[in-house]
Amino acid sequence: MTISNDLEAKILRYFHVEKWLVGTIAKQLGIHHNTVKRVLIQAGVPSPENIRGLSMIDPYLPIVYKTLKEFPDLTASRLYAMVRERGYTGGPDHFRHIIALHRPKKFQEAYLRLRTLPGEQAQVDWGHFGKVDIGKAKRPLMAFVMVLSCSRKIFLKFYLNQRISNFLRGHEDAFQAWSGVPRIILYDNLKSAVLERKQNAIKFNPVLLAFAAHYRFEPRPVAVARGNEKGRVERAIRYIRTNFFAARKWNNIDDLNAQAIEWCDGIASDRPCPENKTISVRTAFEEEKSSLLQLPDNNYSVDEREEVRISKTPYARFDLNDYSVPHTYVRKVLTILATINKVSILDASNIIASHVRSYDKGLQVEDESHIAKLIEYKAKAKKARGKDRLYKAVPSSEQYLKAAAQQQYNLGFTIMHLLKLLDIYGASELEASIAEVNVASCKDLASIKVVLERRREERQQPPSIAIPLPKDVRIQNLVVKPHNLKSYENIADNKGDNDA
């Protein structure tokens, strides 16, 4: 605002002679206070903000300046504690205000607008979009986002984790969608890309390096705390949150990804290209597409690979669930190969089981044939153990069972009842009874029971009571030989002679 010489003279007179404050002069003359300040400064009067009396903090300013010079980010609360220890009696709020005026200002860095050639560069990042409930499991919903730096073409796909396998799947799906590969792909310090970083020394994930060698692109990390170097993908994720994901309804992740493809090919491609707002992203991508590297003839295997040890139950644990294997592979180390929808279990290079992948938690995903064969095996094993016990305790039972098999008796049922008779009557009685029945023409179980009861009555013994044995197989299969009782008769005879 340009003012007259007369007005300038009034401002100077009121300030020097009448000792009016800047605000008073501005109010009385009807002008802005900045105009009054400008006139005074041009006349050599110090800035009113710098005109102040002594403050209680002044004696402590040297130590404050020295500390801030060495530690410019030190908090005002810590500085306040330091000056309090040195005798400062002012309040913390006023001290913070003073420190804000004296704190050295950070250097404001200027940035160049980064432009890239067509097909030269893409940027990649994960975006976290909350969690989804699948049965008992809570899975993170992760968005893989890749953006071509020149045309700003977006590729978007959602996964239920951010494992390296899904990281590579996202790359491969983007390359297939674009029918080409950019020459350079930028990453920040994602664990999927950079395992370790010390200043300029970078250790890339070897799995990513092998993948990049197959598709012939250069993985390149951005500098630490340099978000402007991959600002395109960060802005794309913000755009996805507001334009695509907000208030969107979807049934499952397949439905969500189908909608994401439609959005990328539709709304996201029809927006103006930030590099050239006279054309759309779709047009810019069509111009850039021919500059992309060609896809290799064969795809790279991005299946998840994991070794797993099978315990005593025939199941392989993978990603919160158990998958059945044939019972013959218990106590072995097998290999799991998993795609998004399928889990294959291998012994060396042979696939021994395949299952539909579950993203639930705590499920037993079973192949009915595995369970049926296990049940069959357990039944045969049980029959074999019972038969072995009979053969050892009652040798005549082998001949009897062969004859029973020829007459088409149910061997499992027959063995079970013979074992019960063994527990009730003992090995010697059952041996004698079966030997007698083997001679006869009728060889059913009832005949053996009749002979056992007849022999018991001939000995004038009370009916036998079955004593249940423990379930330990070693005890059940134990054969006890009857003791010779003549030694007890000799003891009784010797006792009678001593009494006499």
Taking strands (runs of 3 or more DSSP E) that fall entirely within the stretch 129-212, which contain at least 3 residues that are within 30 Å of SER358 (Cβ to Cβ) and assigned by TED's automatic domain parsing to the domain that holds ALA268? 137-148, 154-159
Only one of LYS449, LYS378 is more than 60 Å from the chain's Cα centre (by Cα) and of a type outside the set (S, T, N, Q); which? LYS449
On the basis of being surrounded by 23 or more Cβ atoms within 10 Å (Cβ to Cβ), among the basic types (Lys, Arg) and farther than 30 Å from GLY362 by Cβ, does LYS203 make the cut? no
Output for the stretch 309-353, where each listed residue is without any contact (Cβ under 8 Å) to a residue 60 or more places away in the chain, surrounded by 17 or more Cβ atoms within 10 Å (Cβ to Cβ) and part of a loop (DSSP other than H, G, I, E, B): ILE310, ASP319, VAL325, PRO326
Could you list, in sequence order, all residues of the stretch 401-458 that are among the hydrophobic types (A, V, I, L, M, F, W, C) and in a loop (DSSP other than H, G, I, E, B)? ALA440, CYS442
Looking across the stretch 275-288 at residues that are touching a Lys or Arg at 6+ places or on another chain (Cβ under 9 Å) and assigned to a helix (DSSP H, G or I), the single one that is surrounded by the most Cβ atoms within 10 Å (Cβ to Cβ) is GLU288
Return yes when ALA225 is crowded, with 16+ Cβ neighbours inside 10 Å, at pLDDT below 90 and in the same structural domain as PHE167 (by TED's automatic domain parsing) and no when it is not. no
Based on what the data block shows, is ASP265 within 26 Å of the chain's Cα centre (by Cα) and either without any contact (Cβ under 8 Å) to a residue 12 or more places away in the chain or at positive phi (or both)? no
Quick one: what pairs do we get from the stretch 61-73, first residue under 15 Å from PHE95 (Cα atoms) and touching a residue at least 60 places away in the same chain (Cβ under 8 Å), second β-branched (Val, Ile, Thr) and assigned to a helix (DSSP H, G or I), C-beta under 7 Å, 6+ apart or different chains? none
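Residues ALA338, ALA384, ALA379, ALA348: which one is at pLDDT below 90, over 22 Å from LYS449 (Cβ atoms), in the same structural domain as ASP322 (by TED's automatic domain parsing) and not polar (S, T, N, Q)?
ALA348
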Evaluate the stretch 132-142: report whether one residue or more is surrounded by 12 or more Cβ atoms within 10 Å (Cβ to Cβ), at pLDDT 90 or above and within 18 Å of ILE184 (Cβ to Cβ). no
I'd like the full set of residues that are outside any loop (DSSP other than H, G, I, E, B) and not acidic (Asp, Glu), limited to the stretch 297-308. ARG305, VAL308
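So, VAL45, is that one loosely packed, with under 11 Cβ neighbours inside 10 Å, at pLDDT below 85 and on the phi < 0 side of the Ramachandran plot or not?
When the stated conditions are applied, VAL45 does not pass them.
The values are calculated or read from the model by the stated rules, or taken from the named source; none is laboratory data. Source: prediction; values computed, not measured. Note: ideal-geometry Cβ built from the backbone for every residue, glycine included; neighbour counts use all protein chains shown.
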